[in-house]
Structure formats: structure tokens, C-alpha cells
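First comes the structure, then the notes that go with it.
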Amino acid sequence: MDRKVVIIPTYNEKENIEKIIRAVFALEGEYHILVIEDGSPDGTAAIVKSLQQEFPERLHMIERKGKLGLGTAYITGFKWAVAQGYDYIFEMDADFSHNPDDVPRLYQACREGADLAIGSRYCNGISVINWPIGRVIMSYYASVYVRKVLGMKVYDTTAGFKCYRRQVLETIDLDKVKMKGYGFQIEMKYSTYKLGFKIQEVPIIFVDRTEGTSKMSSGIFGEAFWGVMGLKMRKIKPRK
């Protein structure tokens, strides 16, 4: 049986974390979860630890000292998942903006030939619910900008709902990944693309969080905007 792990970064997600964990574990197919917990003062880690008593073999957590950035959280998780021998490694938000029921669809896309499956908000028009129109426009045109600059045929370049085959994460030099916010999502897709892996977008409906607080900021978008220019100039080489 394929070994599958869903990586969920958390910071102040006490309203959502138990529900998202139970939703993933309710899926058919024996998914594991790795929570990357960045020192939430609201008690998120304590909730995860209590659930580990119930799911000792399937629920894992790495605790870090404070908010160190989305990108570094996922890099930490990727390295752990590769070392543990998981075949398929997922990225997913804790706040239900990514529907757990779509996890098997991403997995199936990879089983059928994709190296990276992306839960895409924009490959079938715009599929976003509960976002202010200004944020929808900014996100959509950010992806248009990235696609034009990098020449990468991906409609949702900042998507954070993904499934990787392990070989992709073994090939990308994770220590060379520079961007930490939503630019990290662009950099990982571009690295996957430049190293010759097959990327497939799977249409999803993205629903903005109903509980907890968004971690979005203008600085995150700024890093992505300027970072794309730097990416265009870089040579992406496989890890030695």
C-alpha cells in the first residue's frame, strides 16, 4: 500500500485543528498527518498532543520555536516525510479552505501519472468563495503574472493544496529554496517544472476560512512579486 502523509502547518489554529485532523483520518486510504506547529500561544499543540493518544501511529507533530514562515515549515515537513519513506506527500491548510474530500482526487492524479498534482482555483475559471473581490483579483492576476514571466503553464501558481510524488522532493535541492511566504509555492512549482516533472491541475472550490485568523499580508505578496524576477534568472539544478 502507498504511504501517504498530509503536512499541515499551524499557528493559532485551535478552532480548526481537531476537526481537520479527524476529517483527513476519516478518508479512505490510510492517510497520515504531520503537523508543523510554530509555537502557537493559543494551545494548538496541546490539542494535537491529546489526539496523538488516539492516533499514535498516524498523527505526528514537529514543534518549532515561533513563526518561521510557511516555506520553512513545509521544507521541514518535506525532509521528514522523505526520510520516513512516504510515497506521496501533501500540502494542506488547517482552516478548511482546502476541502479534505479533495485529497483523494490529488492522490489519484499522481497515481495516474502526475508528479505534482495541484488543487487549482483557476484552471476552470475562478472557483473561490468568501474572498473579497479585491483579493480574488490580486490572487488571480498574480498567477497570470507568474505564468507570463516564468513561462510555466500553471493557472494557480500560488496554490497551497498539493500532492507530490516523493521523487520530486528528493530531486529538488530543498536547501536552495529561498522564498518563505506564498512565493515559496511559486518557487516549488517552478523547480518541479524546470526539472522536467509532470504537473497536473485538479479543479477545486476554495472556501475562505470561517474560523481563526488569516495569515495573509501584503508583504507575502510583495515577496512573491519580486521573487519571481529572481527565479527567472536562476538555474534550477537537481540535488546532488
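The charge dipole of the chain, taken about its Cα centre with unit charges on the Cβ of Lys, Arg, Asp and Glu (plus for the first two, minus for the last two), comes to roughly 1280 debye.
Which FRET efficiency, nearest 0.05, do Arg3 and Lys240 yield, Cβ-Cβ r, R0 35 Å? Could the numbers behind the result be given before it?
Values: r = 26 Å, r/R0 = 0.73.
Result of the calculation: an efficiency of 0.85.
Where the only charges are on Cβ atoms (+1 Lys, Arg; -1 Asp, Glu), what is the dipole of the stretch 1-94 about its Cα centre, to the nearest 20 debye? It would help to have the intermediate numbers written out before the result.
Details: 11 positive and 15 negative charges, 55 e Å.
The dipole of the stretch 1-94 has a size of about 260 debye.
What's the exposure ranking of Cys163, Cys123, Cys110, going from fewest to most Cβ atoms within 10 Å? Write out the running numbers ahead of the final one.
Numbers: Cys163 30, Cys123 17, Cys110 25.
Least to most surrounded, the residues fall as Cys123, Cys110, Cys163.
The listed peptides 81-91, 3-13, 22-32, ordered by packing as a protection proxy, come out as 3-13, 81-91, 22-32 (highest mean of other Cβ atoms within 10 Å first).
Between Arg22 and Lys148, the distance separating the two model label sites (each 7 Å from Cα on the Cα→Cβ line) works out to 4.7 nm.
Highest mean first, the peptides 131-138, 47-54, 168-175, 201-208 sorted by other C-beta atoms within 10 Å per residue fall in the order 201-208, 168-175, 47-54, 131-138. Partners of Lys148 within straight-line reach, counting aspartates and glutamates whose Cα lies under 20 Å from its Cα and excluding those fewer than 8 residues away in the same chain: Asp156, Glu187, Glu201, Glu223.
For the stretch 61-66, putting each phi into the Karplus relation 6.51 cos²θ - 1.76 cosθ + 1.60 with θ = phi - 60° gives couplings of 8, 10, 9, 10, 8, x Hz, in residue order, rounded to whole numbers and with x for Gly and Pro. Taking the fewest neighbouring Cβ atoms within 10 Å as the starting point, the ordered list for Arg239, Arg121 is Arg239, Arg121. Dipole check for the stretch 82-134: with +1 at the C-beta of Lys and Arg, -1 at the C-beta of Asp and Glu, and the Cα centre as origin, the magnitude is about 140 Debye. On the basis of the beta-carbon distance and an R0 of 25 Å, Lys198 and Tyr141 show a calculated FRET efficiency of 0.45. Whole-Hz Karplus values for the stretch 2-19 come out as 4, 9, 10, 9, 9, 8, 10, x, 9, 8, 6, 10, 4, 6, 10, 5, 5, 5 Hz, taken residue by residue from phi with 6.51 cos²θ - 1.76 cosθ + 1.60 and θ = phi - 60°; glycine and proline positions read x.
Per-residue extension of 0.36 nm, minus the Cα-Cα distance of Met233 and Arg58, leaves a gain of 58.9 nm for this segment.
In the chain, a dipole from Cβ-located charges (positive for Lys and Arg, negative for Asp and Glu) runs towards its positive end, and of Tyr193, Val103, Gly29 it is Tyr193 whose Cα lies farthest in that direction. Couplings 3J(HN,Hα) of the stretch 104-118, computed from phi: x, 5, 5, 4, 4, 4, 6, 4, 9, x, 6, 8, 9, 9, 10 Hz, in residue order, whole Hz [Karplus 6.51 cos²θ - 1.76 cosθ + 1.60, θ = phi - 60°; x for Gly and Pro].
Our summary gives the stretch 4-233 a relative contact order of 24 percent, counting only alpha carbon pairs under 8 angstrom and 6 or more residues apart.
Scanning residues 5 or more positions from Asp173 or on other chains, those with amide H under 5 Å from its amide H are Arg239, with H placed 1.01 Å from N in the peptide plane. Farthest toward the positive end of the dipole of the chain, out of Tyr74, Met92, Val146, is the Cα of Val146, where the dipole comes from beta carbon charges about the Cα centre.
Taken together, the values in this text are just the output of simple stated rules run on the coordinates, not laboratory data. On a predicted model such as this, the values are computed, not experimentally measured, just so you know. Neighbour counts are summed over all protein chains in view; Cβ atoms, including those assigned to glycine, are modelled from backbone coordinates with ideal geometry.
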